[in-house]
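Trainee: What follows is a single structure, and I will ask about it in a moment.
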Amino acid sequence: VLLDPKYTSKKDELGRLGQTFNEMILFLQDTDQKQKQFVADASHELRTPLTVIESYASLLKRWGGNDPAVREEAIEAIHSESARLKSLITSLLKLAEVEREELMNCSDVELIPLVKQAAEQMEHAFQRQIELFCPDEEERPIVLCADREKLKQLLIILIDNAFKYSKEPVKIDISRVRHHVQLQIIDRGMGIPKDELPHLFERFYRVDKARGRGTGGTGLGLSIAKQIVTQHRGTIHIDSKIGVGTTVTIGFQQQK
Ligand code: ADP
């Protein structure tokens with residue numbers, strides 16, 4: 001439904017209007033295409049564990065009564081694939097939520113206490129240590145205009161990744177650069193190949209599916225993280241080197 005070039009090539013007002021119309025149509029087509037791709041990807045991701053559950057349930061029905069080994073294997077697989085399904089659905093709902101909402105509950109949030117809270121929660125969950133480096137908060141607190149819950153969710157996604165993909169202690173470094181605040185989450189884990197870096201924020205993207213599956217990854221964490229950062233008008237960047245580790249750098253404008 002694009003306009004014929006004879007209407008858009010002219011340099012006059014009508015030509016410019018035609019060009020704008022065509023740009024709009026191309027934008028809408030692209031958005032529609034992306035939406036369709038997302039639905040196809042989501043369906044595929046949801047169908048995979050369901051197929052495994054279904055086939056193990058059939059196995060259980062047919063042989064489970066006689067063979068304890070089959071029973072054990074089937075129950076184990078059904079259990080782990082159900083957990084995966086649950087985590088996928090939870091992430092999909094989170095993504096839909098962050099994409100739908102504008103910054104609703106924006107208030108002044110003190111960053112360092114929030115980071116400490118998220119870090120403690122994750123240390124407890126993984127039974128591992130985080131080293132935190134930050135400016136003296138007593139002296140001058142770092143205050144952001146933010147949605148507190150979303151910011152915490154962002155921190156949890158990034159710390160979760162750092163723990164999942166490394167074995168060594170994770171470091172969080174907060175610093176102030178004039179009116180900006182920089183937050184880095186640093187791990188010395190397996191790292192990410194250079195050619196994969198541009199794709200990390202795509203939905204369902206996992207560096208290698210086997211690695212993601214083993215850690216229960218859905219490939220949605222960084223898409224959610226990016227969405228949260230964008231809503232806060234911040235920046236997010238990932239540096240990584242295979243075998244050396246990964247650094248995620250987030251930048252925000254300071255409120256005070
Ligand atoms: P997932 O739920 O699979 O972790 P993410 O969107 O959070 O999904 O991350 C996408 C992929 O990026 C992961 O599957 C993983 O392969 C890679 N990745 C993310 N963070 C790290 C990290 N800190 N170290 C190594 N690989 C990482």
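The values are calculated or read from the model by the stated rules, or taken from the named source; none is laboratory data. Note that the structure is a prediction, hence the values are computed from the model and not measured. Cβ sites come from the backbone with ideal geometry, for glycine too, and all protein chains shown count toward neighbours. Only protein heavy atoms, including side chains, enter the accessible area calculation; ligands, DNA and RNA are left aside. Shrake-Rupley method; radii C 1.70, N 1.55, O 1.52, S 1.80 Å.
Trainee: Express the Stokes-Einstein translational diffusion coefficient of the chain in µm² s⁻¹, to the nearest whole number, given a Kirkwood radius over alpha-carbon pairs, 25 °C and a viscosity of 0.890 mPa s. Intermediate results must be reported in sequence, preceding the final value.
Mentor: On the way: Rh = 21.3 Å.
Reported coefficient: 115 µm²/s.
Trainee: Right, here's the next one. Ranked by accessible surface with a 1.4 Å probe, highest first, in what order do 27, 21, 38 come? All intermediate terms of the calculation are to be shown ahead of the outcome.
Mentor: Details: 27 130, 21 90, 38 45 Å².
I get 27, 21, 38, largest accessible area first.
Trainee: Roll a 1.4 angstrom probe over the protein heavy atoms and tell me the percent of accessible area of the chain that is carbon or sulfur.
Mentor: 55 percent
Trainee: In terms of the Cα gyration tensor, with a ≥ b ≥ c the square roots of its eigenvalues, is region 1-144 rounded because a/c is under 1.5, prolate because a/b exceeds b/c, or oblate? Could you put the intermediate results ahead of the total?
Mentor: On the way: a/c = 4.67, a/b = 1.26, b/c = 3.70.
In terms of gyration-tensor shape, oblate.
Trainee: Which value, in Å², gives the accessible area per residue of the chain when a 1.4 Å probe is used on the protein heavy atoms? Could the numbers behind the result be given before it?
Mentor: On the way: 15790 Å² over 256 residues.
So the chain comes to 62 Å² accessible per residue, rounded to a whole number.
Trainee: Taking each pair of different alpha-carbon atoms in region 62-115 once, compute 1/r for the pair, average those values, and report the inverse of that mean as the Kirkwood hydrodynamic radius in Å to one decimal. Each step should come with its number before you reach the end.
Mentor: Numbers: mean 1/r = 0.0659 Å⁻¹.
Kirkwood hydrodynamic radius for region 62-115: 15.2 Å.
Trainee: For region 164-256, what is the per residue volume of the convex hull drawn over the alpha-carbon atoms, in cubic angstrom?
Mentor: On the way: hull volume 9.3 nm³, N = 93.
Normalising the Cα hull of region 164-256 by residue number yields 100 Å³.
Trainee: Which one, 20, 57, 69, projects farthest toward the positive side of the charge dipole computed for region 1-91 from Cβ point charges (K/R +1, D/E -1)?
Mentor: Highest projection toward the positive end goes to 20.
Trainee: Here is a follow-up. How large is the charge dipole for the chain, taken about the Cα centre, if only the Cβ atoms of Lys, Arg (+1) and Asp, Glu (-1) carry charge, to the nearest 20 debye?
Mentor: Values: 36 positive and 38 negative charges, 91 e Å.
Here the size comes out at about 440 debye.
Trainee: Can you sort 100, 84 by 1.4 Å-probe accessible area, starting with the largest? It would help to have the intermediate numbers written out before the result.
Mentor: Values: 100 165, 84 25 Å².
The residues order as 100, 84, largest area first.
Trainee: Over the chain, calculate the relative contact order: mean separation of alpha carbon pairs under 8 Å at least 6 apart, over the residue count, as a percent. It would help to have the intermediate numbers written out before the result.
Mentor: Numbers: 354 pairs, mean separation 41.8, N = 256.
Worked out over the chain, it gives 16 percent.
Trainee: Could you tell me the calculated FRET efficiency between residue 39 and residue 249, based on Cβ-Cβ distance and R0 = 25 angstrom, to the nearest 0.05? Before the final figure, lay out each step's value.
Mentor: On the way: r = 32 Å, r/R0 = 1.29.
E(calc), rounded to 0.05, equals 0.20.
Trainee: Please tell me the relative contact order of region 138-256 in percent, rounded to the nearest whole number, where contacts are Cα pairs under 8 Å and at least six residues apart.
Mentor: Values: 205 pairs, mean separation 40.2, N = 119.
After rounding, I find 34 percent.
Trainee: Of all GluC sites (Glu not before Pro) in region 65-145, which ones are in loop regions per DSSP and have a Cβ with at most 11 other Cβ atoms within 10 Å?
Mentor: 102, 138, 139
Trainee: Whenever you get a sec, line up 246, 31 from highest to lowest accessible area (probe 1.4 Å, protein heavy atoms).
Mentor: Numbers: 246 15, 31 65 Å².
Sorted by accessible area, descending: 31, 246.
Trainee: Here is a further query. Can you show me the helix-derived [θ] at 222 nm for the chain, built from DSSP H runs with n ≥ 4 at -39,500 (n - 2.57) apiece and divided by the number of residues, rounded to the nearest 500. Don't jump to the answer; show the numbers that get you there.
Mentor: On the way: 7 runs with 138 residues, N = 256.
Rounded to the nearest 500, the figure is -18500 deg cm²/dmol.
Trainee: Here's something else I'd like to know. Kindly identify region 217-256 as rounded, prolate or oblate by the Cα gyration tensor criterion: order the square roots of the eigenvalues as a ≥ b ≥ c, call it rounded if a/c is under 1.5, otherwise compare a/b with b/c, prolate if a/b is larger, else oblate.
Mentor: Values: a/c = 3.90, a/b = 1.46, b/c = 2.66.
Here region 217-256 falls in the oblate category.
Trainee: What shape does region 78-153 have by the C-alpha gyration tensor, where a ≥ b ≥ c are the square roots of the eigenvalues, rounded means a/c under 1.5, and otherwise prolate means a/b greater than b/c and oblate the rest? Working shown, then result.
Mentor: Details: a/c = 4.93, a/b = 1.42, b/c = 3.46.
Oblate, since a/c reaches 1.5 and b/c is not below a/b.
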